[in-house]
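Report on the following structure.
The values are calculated or read from the model by the stated rules, or taken from the named source; none is laboratory data. What you are looking at is a predicted structure, and each value in this text was computed from that prediction instead of being measured. Every residue, glycine among them, receives a Cβ derived from its backbone with ideal geometry; neighbour counts consider all protein chains shown.
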Amino acid sequence: MTDSGSKFKIFKFLKIIISSLLITVIFLFTIATIRTFTLDVNVGLQLARWEKTKNISLVIDHHQREQLLNHFKEAIRIPTVSFSETDINTTALLEFDKLLRTAFPTVFSSSLVHHELVANYSHLFRVQGSQPDLVPYLLLAHIDVVPARESDGWEVPPFSAEEKDGFIYGRGTIDDKGAVMGILQALEYLLVKGYAPRRGFYIGLGHDEEVSGHNGAMNIVRALKQRGVQLSFVLDEGLAILDGVISGLDGPAALIGISEKGSATVKLSVTMAPGHSSMPPRETTIGILAAAVKRLEENPMPRLFGHGPERETFEHLAHKFSLPLKVVMSNLWLFSPLLGRVLERKPDTNAFVRTTTAVTMFNAGVKVNVIPSIAEAYVNLRIHSAQSLQEVLDLIHATVGDQRVKIELVNGFDPLPVSSADEKSLGFQIIKKTVLDMFPKLTIAPGICIGNTDSRHFRDLTKDIYRFAPIWFKPGDAQRFHGINERISTKNYEELIVFYFSLIQNCDIQKLPESHSSTHEL
């Protein structure tokens, strides 16, 4: 074969490859363009087509506003702190019980409401509906709070409920006494106005959510199971209205949680014979364990962005981004790896990308001149929806790679099932309608909770668990959650009450409207 003939064949071969690549690029560009300008899954149901219901309107006068804020502040002042599963402020919980009975007398005296204490300190309310064939739902919240000390940097004492610049400060204002008081205040107003629901529902108030809900929520579930109760959906705390939090998004967005990440606490330990510091071995228990911990931090869990519910979140929001982000968000089938690399740069968005690894406790040594016989570290992981607890444990063993390090699972569970969020989803669409009735310009999207709630204990009672309250979060507000200067505006607390007041009535429809679009398909 001549050199010219070989060059011609090579040139022809390269030409075919380049042509194929160009065709592929043009095809991908065409698909991406079509999706960018046609994929708008946020349209949802046409609200005008909903079944007509005679909703009672809520107008809060000056006296009522003063009273509801006083009750809310009183709730914040009661330090219902859960320190651990065995250390809970039961005295405060009993005081909180008295407050509820005083603040909401109609709820506790109405013939439509059955109330019972569960596990001594949790509350379960059953509100009777006039149409027993309508499957009931449950509104869930929790009374307990995490510890808080003024010395940590609070602007005001954390249990003072002090009001500053239109905000009420205090532990529990966001997590989760706003929902506790807001739900019961909404029901109180409805009952006073003569409301009688068509669809019955439950209200569950757990007392130990901050320490896993093993007594409160789990005993509420046990009581409902014994009565053969099945729920159409559960609504708990979780996600919120984000205003200016998502970079590049035009306007605020309400994210309704449809799942939660899993969780695991893993103990690492190294044991050897103790010794004197004057004759140290080449490696100590602390050195071996520190190296293992460093390997875990330097080798994070795999990037999985786009393989869980977070993909649906960004696709729902895509039309509210400007170009070129709109192209990226509308075509995560193509750009997920790229967006994942961007998101992993910041701790708050890295949580959407992978299973996170946090070394939270490290214990070793009793004296400066003694080589410790044991060193222990605890690692907390929040498991991405595309992974299982077992897969995470296997990766930890592989990454540590040292048989001298004992690895034990203290506790853990898989990521939660993903609840429905389509046009046939009763719970999601009623929550969405209620939000849009209040805030018509909001963008609504399903989301995933990176933390955990005790709603996970209700999986056997319903396939649909949602995590949302219309609390407004601006940049920096998320850090107040379990942090310092937790607060809520007086206006936002009133909005919480209006939300639950409307939601309860919106649930009285017989069924959802007929589906009118298939916008999520290409």
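Data overview
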{"item": "LEU239 crowded, with 21+ Cβ neighbours inside 10 Å, under 19 Å from the mean Cα position of the chain (by Cα) and within 30 Å of LEU339 (Cα to Cα)", "result": "yes"}
{"item": "Pair list, Cβ under 6 Å, 6 or more apart: segment 270-297 residue in contact (Cβ under 8 Å) with a residue 12 or more places away in the chain, other residue among the polar types (S, T, N, Q) and assigned to a helix (DSSP H, G or I)", "result": "VAL270/THR285; MET272/THR285; ARG295/THR399; LEU296/THR399"}
{"item": "Only one of PHE458, PHE473, PHE501, PHE439 that is under 28 Å from GLN64 (Cα atoms), touching a helix residue (DSSP H, G or I) at 6+ places or on another chain (Cβ under 7 Å), touching a residue at least 40 places away in the same chain (Cβ under 8 Å) and among the aromatic types (Phe, Trp, Tyr)", "result": "PHE501"}
{"item": "Number of the condition not met by ILE509 [criteria: (1) under 30 Å from LYS193 (Cα atoms); (2) assigned to a strand (DSSP E or B); (3) out of contact with any Phe, Trp or Tyr (no Cβ under 6 Å at 6 or more places or on another chain)]", "result": "(2)"}
{"item": "Residues of segment 322-361 classified as in contact (Cβ under 8 Å) with a residue 40 or more places away in the chain and charged (D, E, K, R), total", "result": "4"}
{"item": "Whichever residue in segment 73-115 is in contact (Cβ under 8 Å) with a residue 40 or more places away in the chain and among the aromatic types (Phe, Trp, Tyr) and, among such residues, is surrounded by the fewest Cβ atoms within 10 Å (Cβ to Cβ)", "result": "PHE83"}
{"item": "The lone exception for SER420 - which of (1) surrounded by 17 or more Cβ atoms within 10 Å (Cβ to Cβ); (2) closer than 23 Å to THR313 by Cβ; (3) of a type outside the set (A, V, I, L, M); (4) in contact with a strand residue (DSSP E or B) (Cβ under 7 Å, 6 or more places away or on another chain) it fails", "result": "(4)"}
{"item": "Cβ pairs under 7 Å, 6+ apart, first in segment 397-414 and assigned by TED's automatic domain parsing to the domain that holds GLN387 and free of Cβ contacts under 8 Å to residues at least 40 places away in the same chain, second part of a strand (DSSP E or B) and surrounded by 14 or more Cβ atoms within 10 Å (Cβ to Cβ)", "result": "HIS397/ILE407"}
{"item": "Within segment 255-293, considering residues that are of a type in the set (Ser, Thr, Tyr) and not in a helix (DSSP H, G or I), the one farthest from VAL366 (Cα to Cα)", "result": "SER259"}
{"item": "Residue match in segment 28-42 (condition: modelled with pLDDT under 95 and touching a Pro at 6+ places or on another chain (Cβ under 8 Å))", "result": "no"}
{"item": "Residue match in segment 155-174 (condition: closer than 23 Å to SER502 by Cβ, out of contact with any strand residue (DSSP E or B) (no Cβ under 9 Å at 6 or more places or on another chain) and either modelled with pLDDT of 95 or more or not in a loop (DSSP other than H, G, I, E, B) (or both))", "result": "no"}
{"item": "Counted residues, segment 210-225 - those being touching a helix residue (DSSP H, G or I) at 6+ places or on another chain (Cβ under 7 Å) and in a helix (DSSP H, G or I)", "result": "4"}
{"item": "Which numbered condition VAL370 misses (of (1) touching a Gly at 6+ places or on another chain (Cβ under 9 Å); (2) crowded, with 16+ Cβ neighbours inside 10 Å)", "result": "(2)"}
{"item": "Members of segment 478-491 that are touching a residue at least 60 places away in the same chain (Cβ under 8 Å) and under 24 Å from ASP152 (Cβ atoms)", "result": "ALA478, ARG480, PHE481, HIS482, ILE484, ASN485, GLU486, ARG487, ILE488, SER489"}
{"item": "Selected residue (only one of LEU239, LEU235, LEU296 is in a strand (DSSP E or B) and touching a helix residue (DSSP H, G or I) at 6+ places or on another chain (Cβ under 9 Å))", "result": "LEU235"}
{"item": "Residue list for segment 380-391, restricted to those being among the aliphatic types (A, V, I, L, M) and surrounded by fewer than 22 Cβ atoms within 10 Å (Cβ to Cβ)", "result": "ALA386, LEU389"}
{"item": "Residues of segment 394-443 satisfying the condition of being hydrophobic (A, V, I, L, M, F, W, C) and touching a Phe, Trp or Tyr at 6+ places or on another chain (Cβ under 9 Å)", "result": "VAL410, ALA421, LEU426, PHE428, ILE430, ILE431, VAL435, MET438"}
{"item": "Segment 450-479: number of residues that are more than 21 Å from LYS433 (Cα to Cα), in contact with a Ser or Thr (Cβ under 8 Å, 6 or more places away or on another chain) and charged (D, E, K, R)", "result": "1"}
{"item": "Check on ASN485, among the polar types (S, T, N, Q) and closer than 30 Å to PRO136 by Cβ", "result": "no"}
{"item": "Test for LYS432: is it under 29 Å from LEU332 (Cα atoms) and at pLDDT 95 or above", "result": "yes"}
{"item": "Any hit, segment 350-360, residues being over 22 Å from the mean Cα position of the chain (by Cα) and not aliphatic (A, V, I, L, M)", "result": "no"}
{"item": "Total residues in segment 144-158, condition farther than 28 Å from ASP454 by Cβ and either in contact with a Lys or Arg (Cβ under 7 Å, 6 or more places away or on another chain) or surrounded by 15 or more Cβ atoms within 10 Å (Cβ to Cβ) (or both)", "result": "1"}
{"item": "Flag if PRO302 is more than 28 Å from ALA445 (Cα to Cα) and either of a type outside the set (A, V, I, L, M) or in a helix (DSSP H, G or I) (or both)", "result": "no"}
